[in-house]
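The values are calculated or read from the model by the stated rules, or taken from the named source; none is laboratory data. Given the structure is predicted, the values throughout are model-derived calculations rather than measurements. Cβ placement follows ideal geometry from the backbone for every residue including glycine, while neighbour counts extend to all protein chains displayed.
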Amino acid sequence: MATGLNPSYFIALSAALFAIGLYGAISRKNAIAVLIAIELMLTAVNINLVAFNKFLTPEAFIGQIFAIFVITVAAAEVGLGLAIVIAIYRNRKSVNLDDFDWMKW
Amino acid sequence: MVQFALNHAWLVPLLPALAFVIIVFLTRPWPRVSSTVSIAAIFSSFVLASSIAYGVFTNPGFIEKPLEYSLRWFGMEGFTVKVGVLLDPTSTMMLFMVSMVAALIQIYSTGYMEGDPQYSVFFSYLSLFAASMLGLVISSNLLQMFVMWELVGLCSFLLIGFYTFKISAREAAKKAFMTTRIGDFGMLLGLLFLQIIFGTLDLTELAQRVPAFEQFGISLGLLTLIAILVFIGPIGKSGQFPLHVWLPDAMEGPTPVSALIHAATMVVAGVYLVGRTLFLFAEVPGAMEVVAFIGAFTALFAATIALTQREIKRILAYSTVSQLGYMMLALGVGSLSAGMFHLWTHAFFKALMFLGAGSVLHALHNKADVWDMGGLIKKMPITGWTFVIGGLAIAGIPPFAGFWSKDEILAVTLQYATHGHSLGYVLFFMATFTAFLTAFYMWRMIFLTFFGKEKPENHPHESPRSMTFPLIVLAGFATLGGLIGTPWANYWSKWIHFGQPHHGEPSIGLMLLSVFLGVAGIGLAYIFYYKDEEKLRVKQLAERYQTLYKISFNKYYVDELYLWFTRTVVDAGAKVLYWFDIHVVDGIIDGMAGFTKVSGRGLRYLQTGKLQTYALVFFLAVLVITVVLAFGNPTSAGILGGGK
């Protein structure tokens, strides 16, 4: 491990990525963009997990294994999410989230 | 066989109940099969009941020590309800009588109901009716009896309203059910009191505990109240004044039903219940006086109504009310023997007369007014002569059955009077006068129906053998059934008595009086309705005493009074409650619903349906929680689950 790397760099990167992802997930109107933003948030989490693993318990792999789990689940989630978006697109001819409002009153 | 029957007495009510189930679920489409099943069941019950009767009445041990066996039905801590059988001479006599009369009536019904589209249903109801009554008779505790009592009420409802297409029948069924329900309510209250105070409803246990009521911490006043509450049930069921109004209307049912209700099942249930709980009444002289007085009053009251009624079944109905009054009177003066004896003889002659009336209606195609009949005895000799026997029995002419039982009642009433109850003389007078009236109105009916000029528009014919056979059997019992209780050789009171065996002293004077009254009544009827062919004299009398005639013909306006009471008092009360319901109760409910609705209408705008909004709220909430956890004081962190 290269010395001089401070954990706060990783945390800052992860926080920035998460914030960008959250902003995207909340503000973007395109469903695909929202899915991408969610991926960003998950990546931010993964960076955190791996970084803490390295700095706190370098001899164990718990954080890395957890990160792999997250990547796996994220892949499945994106697959499902895209399938739902496609299904909705076929019905509504739109991927704009403002049109996905069946759940209201 | 006898031992088997004694140990399996519960089969007696069970067989007709089974027949009911079989008919309802299996044989309904085949009328003949249904009636055969029904009759086979009731006949087997009768055979069993006869064996039981043989077993009981050959062994005097049953008088002191009845046969009793029971099972636990349900219960909880300190409260067990059993279902059981109590066989003593009284219940055995009833078993025998009820199963026999019911069997005869079912045989009769095969002829009477011939071709009715609901034939099978009719027999299933008859079976259930007989089953409930037999179940009531053998009950060893009052709760079981009450259940059967209600079943009897249900069956009477079904059967009175059997012709569902007739509005009057439906109304009569409702009236019967509701009127008796008033009585049942009082009775249930009485039973609850008994259970709470004495901790049991078992008849034998109650009979031991009630005389020691002071040890149970209650006063004579409360016991009187309980007795009167229990008595309200029989007032309703046995058509005593003032709840007698349903009985005459119950004539709307098919005639065999009327016979069954009036002779064997429904109405005698009340008398039987009072007889069964006589140990309770015997403790409280006040309640006994009430029973006796209501009985005597009902007897006289109904007899005066019967004088002017025109429909043949209605006259018989009022005579039943009147005779039930006699039975209550006998019980009220403390004589179980006399009351049950009259119940026994009455069952035969009244069933006989009702079935006879049914035969007449059958022949005349339901023309019911006695003034439209006449001379029927020539065309219908069997019906006619058996009916005459019934008439002689009810009028109290020796040696027919009614004479002995009525004489016994008069004798015990007189004894009651001479033993220091001044009320007894009033009761005795009412009873004797009623005896005279009974003979008169019965023979008025007989002369108008069977004798005199034939009406050319009628084409009567004798009924089929299935209908005349029961008449002949019943006529036999109406003739000879009383001989077991003559004052000289009173087997009856030896077996069926309350307290010491007792019966009226053989008093020739009383008998002469009784015979004289009967003959006088018949004679008067003969003069008015037979000799006087144009019936001018009675018409003049009715003219002259128009008010009296109208009062009697309109049954003292009791129905109208009840109707008026319902229309004004009950309806006014209902209106007040209706207003309360609409404005207060509904107001509260509507208010709550309205509040929910309004708040919901406001709050639903929070649900935008846009996931991103939800996500934002979610994020902000997490942010707030994180901030609180990170910077908040330890207590708030504790509440939120962090802070360790």
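Name the residues in region B:162-183 that are in a helix (DSSP H, G or I) and crowded, with 19+ Cβ neighbours inside 10 Å, would you?
Result: B:A169, B:A172, B:A173, B:K175, B:A176, B:T179, B:T180, B:G183.
Is there a residue in region A:26-33 that is of a type in the set (D, E, K, R), within 14 Å of chain B (Cβ to nearest Cβ) and surrounded by 15 or more Cβ atoms within 10 Å (Cβ to Cβ)? Explain how you work it out, then say what you get.
Quick first cut of region A:26-33, residues of a type in the set (D, E, K, R) only: A:28-29.
From what's left, within 14 Å of chain B (Cβ to nearest Cβ): A:28-29.
Those still in the list that are surrounded by 15 or more Cβ atoms within 10 Å (Cβ to Cβ) too: A:28.
Scanning region A:26-33 turns up at least one residue that is of a type in the set (D, E, K, R), within 14 Å of chain B (Cβ to nearest Cβ) and surrounded by 15 or more Cβ atoms within 10 Å (Cβ to Cβ).
Just one of (1) under 14 Å from B:G332 (Cα atoms); (2) of a type in the set (D, E, K, R); (3) surrounded by fewer than 23 Cβ atoms within 10 Å (Cβ to Cβ) trips up B:K379, so point out which.
Of everything listed in (1) under 14 Å from B:G332 (Cα atoms); (2) of a type in the set (D, E, K, R); (3) surrounded by fewer than 23 Cβ atoms within 10 Å (Cβ to Cβ), B:K379 misses just condition (1).
Return the only residue of B:G482, B:G402, B:G452, B:G420 being surrounded by 24 or more Cβ atoms within 10 Å (Cβ to Cβ) and assigned to a loop (DSSP other than H, G, I, E, B).
B:G482
Does region A:61-76 include one or more residues that are modelled with pLDDT of 85 or more, under 22 Å from A:A33 (Cβ atoms) and within 14 Å of chain B (Cβ to nearest Cβ)?
Looking for residues that are modelled with pLDDT of 85 or more, under 22 Å from A:A33 (Cβ atoms) and within 14 Å of chain B (Cβ to nearest Cβ), one finds none in region A:61-76, hence no.
Which number in (1) aromatic (F, W, Y); (2) within 16 Å of B:P256 (Cβ to Cβ); (3) surrounded by fewer than 19 Cβ atoms within 10 Å (Cβ to Cβ) marks the one condition that B:F129 misses?
Here B:F129 clears every test but (3).
Kindly indicate whether B:G233 is free of Cβ contacts under 8 Å to residues at least 60 places away in the same chain and either assigned to a helix (DSSP H, G or I) or over 15 Å from the mean Cα position of the chain (by Cα) (or both).
no
Being under 23 Å from B:A431 (Cα atoms), among the small types (G, A, S) and assigned to a helix (DSSP H, G or I): is that true of B:S319 here?
Taking the combined requirement at face value, the residue satisfies it.
Go through region B:113-129 and report how many residues are touching a Leu at 6+ places or on another chain (Cβ under 8 Å) and of a type outside the set (F, W, Y).
2
Applying the selection to region A:78-105, what residues are away from chain B (no Cβ under 14 Å) and touching a residue at least 12 places away in the same chain (Cβ under 8 Å)?
If the condition is that a residue be away from chain B (no Cβ under 14 Å) and touching a residue at least 12 places away in the same chain (Cβ under 8 Å), then A:V78, A:L82 are the ones that fit.
Looking only at region B:569-602, count every residue that is facing another protein chain (nearest Cβ under 10 Å) and not basic (K, R) and tell me the total. Outline the logic, then answer.
First, pick out the residues of region B:569-602 that are facing another protein chain (nearest Cβ under 10 Å): B:600-601.
Subsequent filtering for residues that are not basic (K, R) retains B:600.
Counting residues in region B:569-602 that are facing another protein chain (nearest Cβ under 10 Å) and not basic (K, R) gives 1.
So, B:V333, is that one more than 30 Å from B:I228 (Cβ to Cβ), surrounded by 24 or more Cβ atoms within 10 Å (Cβ to Cβ) and of a type in the set (A, V, I, L, M, F, W, C) or not? Please lay out each step first, then the result.
Values: more than 30 Å from B:I228 (Cβ to Cβ): no; surrounded by 24 or more Cβ atoms within 10 Å (Cβ to Cβ): yes; of a type in the set (A, V, I, L, M, F, W, C): yes.
Here the answer is no, as B:V333 does not meet what is asked.
I'm trying to understand the selection: among the residues of region A:72-83, which are surrounded by 13 or more Cβ atoms within 10 Å (Cβ to Cβ) and not acidic (D, E)?
Matches in region A:72-83: A:A74, A:V78, A:G81, A:L82.
Go through (1) touching a residue at least 60 places away in the same chain (Cβ under 8 Å); (2) surrounded by fewer than 22 Cβ atoms within 10 Å (Cβ to Cβ); (3) under 17 Å from B:V268 (Cβ atoms) and name the single condition B:L151 misses.
(1)
Which residue pairs have Cβ atoms closer than 7 Å, lie 6 or more positions apart in sequence or on different chains, and pair a first residue in region B:344-365 that is closer than 9 Å to B:T255 by Cα with a second residue that is of a type in the set (K, R) and assigned to a helix (DSSP H, G or I)?
Between residues of region B:344-365 that are closer than 9 Å to B:T255 by Cα and residues that are of a type in the set (K, R) and assigned to a helix (DSSP H, G or I), the close pairs are B:A357/B:K313.
Surrounded by fewer than 24 Cβ atoms within 10 Å (Cβ to Cβ) and more than 20 Å from B:L260 (Cβ to Cβ): does that describe B:L364?
yes
Read through the list (1) part of a helix (DSSP H, G or I); (2) surrounded by 11 or more Cβ atoms within 10 Å (Cβ to Cβ); (3) modelled with pLDDT under 90, then give the number of the only condition that B:G609 fails.
If we test B:G609 against (1) part of a helix (DSSP H, G or I); (2) surrounded by 11 or more Cβ atoms within 10 Å (Cβ to Cβ); (3) modelled with pLDDT under 90, just (1) comes out false.
Among the residues of region B:497-506, are any aromatic (F, W, Y), assigned to a helix (DSSP H, G or I) and out of contact with any Asp or Glu (no Cβ under 6 Å at 6 or more places or on another chain)?
no
In region B:60-73, what count of residues is obtained for those that are surrounded by fewer than 10 Cβ atoms within 10 Å (Cβ to Cβ) and in contact with a Ser or Thr (Cβ under 9 Å, 6 or more places away or on another chain)?
0
Can you pull out every residue in region B:547-588 that is under 16 Å from B:Q309 (Cα atoms), without any contact (Cβ under 8 Å) to a residue 40 or more places away in the chain and surrounded by 11 or more Cβ atoms within 10 Å (Cβ to Cβ)?
Answer for region B:547-588, where residues must be under 16 Å from B:Q309 (Cα atoms), without any contact (Cβ under 8 Å) to a residue 40 or more places away in the chain and surrounded by 11 or more Cβ atoms within 10 Å (Cβ to Cβ): B:L548, B:K550, B:I551, B:N554, B:Y557.
Quick check: anything in region B:130-142 polar (S, T, N, Q), modelled with pLDDT under 90, part of a helix (DSSP H, G or I) and out of contact with any His (no Cβ under 8 Å at 6 or more places or on another chain)?
Restricting attention to region B:130-142, the residues satisfying the condition of being polar (S, T, N, Q) are B:132, B:139-141.
Subsequent filtering for residues that are modelled with pLDDT under 90 retains B:139-141.
Imposing the further condition that a residue be part of a helix (DSSP H, G or I) reduces the set to none.
No: zero hits.
Sort out which residues of region B:526-546 are acidic (D, E) and touching a residue at least 12 places away in the same chain (Cβ under 8 Å), and write them in order of number.
Once the filter is applied, which keeps residues that are acidic (D, E) and touching a residue at least 12 places away in the same chain (Cβ under 8 Å), region B:526-546 yields only B:E533.
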